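Before any comments, here is the structure.
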Amino acid sequence: MSLIAEEEVPGSRAAALAENVRRVIMGKDVQVELAVIALLSGGHLLIEDVPGVGKTMLARSLALSVSGTYRRIQFTPDLLPSDITGTTVYNQKTADFEFHPGPIFANVVLADEINRATPRAQSSLLEAMDEGQVTVDGVTYPLPRPFFVIATQNPVEYHGTYPLPEGQLDRFCMSITLDYPSEETERLVVGNQLKEHPVTNLRPVLRADELAGLQRAVRSVRVDPDVLSYAVSLVRATREDDGLALGASPRGSVFLVRAAQARAFLAGRDFVVPDDVKALAPPVLAHRVIPASRSLGAGGAREAVLRLVGRIPVPVV
């Protein structure tokens, strides 16, 4: 039996998922919508911001809203790849080797403070995020479906951290920030946590298999050829811009279109409009590009993408 009324349209189910997360993450409607879009598009999400603004809570709220399996991995410098993927252990009773799955074997995986682990540990996520499987001791094991990684990192404190390589950043569908709440929202957040945290009362609104169905439905959202060309033009423009040392890859084009499909689906439409692509270009592309002046950082990358969005002609569909 569905956790949501059967007569509701699929777009309503996705909207109910976003509304459930907003019960915990207050005053961040745009960020919650982007997180749900990343989930619906079948990609992964990177949340970058200072400590205490709700990065982990957003990830946890999204995971609890889907009644699948959920695991949290606290990334530390001493974390090993086998601590993530699992290991093969010899069983003396059966005289055989047995595979013990690691925490990566879940529908929703929270990689908390991912940049505190060494590159060796970080690399254990590459195959999982790209192919939905892991290989241990030469044997490949499929991961549960759906499979969604939410990673958090603090972009301010660099002591004891290892920056994510471009190849790993490219595997995230989008990167978002939460920023500090407004004064009114902060008073509301503090007041709601005087007795207990709202996340303790959060209940799932979707089963894992229902989420997989929504992800398949997103792929059927119609993309006009002109809109598709517009998305590809935006991505290609990042490779030709003088202000960028590295542009977005073709994977960026794929995720930009898939995210646009998810945004249309969440809005109850069965077709993508150019505004879907325009709205999602910064969160989908900014973490994939590198400014020519590295001192500009993430802010410079986002500004470069916004500049290109304003320069590329928008098709009339």
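The values are calculated or read from the model by the stated rules, or taken from the named source; none is laboratory data. All values reported here derive from a predicted model rather than from experimental measurement. So basically every Cβ, Gly included, is an ideal-geometry build from the backbone, and we count neighbours across all protein chains shown.
Quick look at the numbers
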{"item": "Residue, surrounded by the fewest Cβ atoms within 10 Å (Cβ to Cβ), within the stretch 130-141, restricted to residues that are outside any helix (DSSP H, G or I) and within 20 Å of the chain's Cα centre (by Cα)", "result": "Q133"}
{"item": "Enumeration of residues in the stretch 180-196 that are surrounded by 13 or more Cβ atoms within 10 Å (Cβ to Cβ) and either of a type in the set (D, E) or free of Cβ contacts under 8 Å to residues at least 60 places away in the same chain (or both)", "result": "E186"}
{"item": "Long-range neighbours under 7 Å by Cβ, at least six apart or interchain, first residue under 11 Å from P198 (Cα atoms) within the stretch 22-36, second of a type in the set (D, E, K, R)", "result": "R22/D29"}
{"item": "Enumeration of residues in the stretch 86-115 that are of a type in the set (D, E, K, R) and free of Cβ contacts under 8 Å to residues at least 24 places away in the same chain", "result": "K93, D96, E98"}
{"item": "Residue check for A38: of a type in the set (G, A, S), modelled with pLDDT under 90 and under 13 Å from the mean Cα position of the chain (by Cα)", "result": "no"}
{"item": "Restricting the stretch 142-186 to residues that are in a helix (DSSP H, G or I) and out of contact with any Phe, Trp or Tyr (no Cβ under 9 Å at 6 or more places or on another chain), the residue that is nearest to A259 (Cα to Cα)", "result": "L169"}
{"item": "Members of the stretch 129-187 that are charged (D, E, K, R) and within 15 Å of L58 (Cβ to Cβ)", "result": "D179"}
{"item": "Single residue of D276, D270 found to be modelled with pLDDT of 95 or more and either surrounded by 14 or more Cβ atoms within 10 Å (Cβ to Cβ) or in contact with a strand residue (DSSP E or B) (Cβ under 9 Å, 6 or more places away or on another chain) (or both)", "result": "D276"}
{"item": "Residue in the stretch 119-129 that is within 17 Å of R71 (Cα to Cα), touching a Lys or Arg at 6+ places or on another chain (Cβ under 8 Å) and surrounded by fewer than 20 Cβ atoms within 10 Å (Cβ to Cβ) present", "result": "no"}
{"item": "Qualifying residue in the stretch 96-107 (condition: of a type in the set (D, E, K, R), at pLDDT below 90, on the phi < 0 side of the Ramachandran plot and in a loop (DSSP other than H, G, I, E, B))", "result": "no"}
